[in-house]
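Taking it in order: structure first as structure tokens, then the write-up.
The values are calculated or read from the model by the stated rules, or taken from the named source; none is laboratory data. Quick caveat: nothing in here was measured; it's all calculated off a predicted structure. When we count neighbours, we look across all protein chains shown, and the Cβ atoms used for this are built from the backbone with ideal geometry, even at glycine.
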Ligand code: AQP
């Protein structure tokens, strides 16, 4: 059984981009993979300064992983844990940072994107890919499922692992990455990449009324109802396609409605309504499960305790070998 590692930052409420680009793959993989899925709480410190907010978001990500369908009780090989429960990853990050050329961090595009969008240019944000590499390498995974925007970070991880092995002997397995078949970066309501911390996200767990209001706010152009529209240039359609799937009959049908004209023409309001209904339908089970989980904190605590123990076992082995290799 192949081992898989992935994680998300608790930098805000998870959104449908996180689900479509990442979590959906974890859920699909758990039947026949050993899953290590963590909550990247150290990483979230690059953007979150309020301790209560960090604590609440961290807990919420765990609940949402479970609500979206990660299920350690049905799949004993699925382990969910908090990054702070394996603090050895920060030591590993230091060992990796000592073999990482500064120029490699200079090239990281997510750092530039995040600065451009207003995050403070901390050293932590700058070396974020090194800590991510440490997270990955710490459990010796075979495979890392990613969204398109994270591919560069996995390339950095593979490169650092190779550099380390070259300098000190074989310590790390070089992990492969897996892009979801028709993975897309979902835009947010402003047309930019949907992100937890940019105020442009769609939270699939919102109550129906505010959810619909949010979807109606998605930015569109002013093409009149009776004119044909290009679905590929429309944020509403891009989100719909990312969630339903490129070849799903509902996506193909909506694309045809965009292209229709005259009395058959469709207004953007109808496309938004279709997206709203898709979200309610797609997340119906997850929304129900989430309410149950919020009322069962004991179960969530147990998931985290078991997950931390499973991760600790793997990390202890890797860090011991890495320390010996460098001469500590
Ligand atoms: N808009 C998106 N479309 C598709 N996939 C996405 N992912 C994030 N946004 C989209 C995928 O979700 C995972 C999230 O990883 P992360 O939480 O470590 O950081 P991120 O990519 O920086 O996520 P956000 O939502 O944009 O958060 P903030 O605002 O904190 O930066 C990754 O697998 C990513 O590909």
Using the structure shown, decide if residue 149 is within 15 Å of the ligand (Cβ to nearest atom), part of a helix (DSSP H, G or I), surrounded by fewer than 18 Cβ atoms within 10 Å (Cβ to Cβ) and in the same structural domain as residue 164 (by TED's automatic domain parsing). yes
Residue match in the range 254-262 (condition: farther than 30 Å from residue 320 by Cα, outside any helix (DSSP H, G or I) and not assigned by TED's automatic domain parsing to the domain that holds residue 96): yes
For the range 163-175, how many residues are part of a loop (DSSP other than H, G, I, E, B), in contact (Cβ under 8 Å) with a residue 40 or more places away in the chain and more than 15 Å from the ligand (Cβ to nearest atom)? 3
Could you check the range 45-63 and list, in sequence order, the residues that are touching a helix residue (DSSP H, G or I) at 6+ places or on another chain (Cβ under 8 Å) and in a helix (DSSP H, G or I)? 54, 57, 58, 59, 62, 63
Is the range 214-221 home to any residue that is outside the structural domain of residue 260 (by TED's automatic domain parsing), within 15 Å of the ligand (Cβ to nearest atom) and within 27 Å of residue 65 (Cα to Cα)? no
Of all residues in the range 304-326, count the ones that are farther than 17 Å from residue 5 by Cβ and under 23 Å from the mean Cα position of the chain (by Cα). 1
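Each row is one residue, and each column tells you yes or no for (1) more than 9 Å from the ligand (Cβ to nearest atom); (2) free of Cβ contacts under 8 Å to residues at least 60 places away in the same chain; (3) in a loop (DSSP other than H, G, I, E, B).
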{"residue": "145", "(1), (2), (3)": "no, no, no"}
{"residue": "157", "(1), (2), (3)": "yes, yes, no"}
{"residue": "161", "(1), (2), (3)": "yes, yes, no"}
{"residue": "177", "(1), (2), (3)": "yes, yes, no"}
{"residue": "184", "(1), (2), (3)": "no, no, yes"}
{"residue": "195", "(1), (2), (3)": "no, no, yes"}
{"residue": "203", "(1), (2), (3)": "yes, no, yes"}
Go over the candidates 175, 224 one by one and state the one that is out of contact with any helix residue (DSSP H, G or I) (no Cβ under 7 Å at 6 or more places or on another chain) and either under 30 Å from residue 137 (Cβ atoms) or surrounded by fewer than 18 Cβ atoms within 10 Å (Cβ to Cβ) (or both). 224
Do you know which residues across the range 206-215 are in contact (Cβ under 8 Å) with a residue 60 or more places away in the chain and surrounded by fewer than 20 Cβ atoms within 10 Å (Cβ to Cβ)? 208, 211, 212
Restricting to helices (runs of 4 or more DSSP H) lying wholly in the range 71-141: which have 3 or more residues that are closer than 30 Å to residue 324 by Cβ? 88-97, 102-106, 123-126, 128-138
Being at pLDDT 90 or above, more than 10 Å from the ligand (Cβ to nearest atom) and crowded, with 21+ Cβ neighbours inside 10 Å narrows 97, 138, 122 down to just 138
Any chance you could count how many residues in the range 64-104 are without any contact (Cβ under 8 Å) to a residue 40 or more places away in the chain and in contact with a helix residue (DSSP H, G or I) (Cβ under 6 Å, 6 or more places away or on another chain)? 1
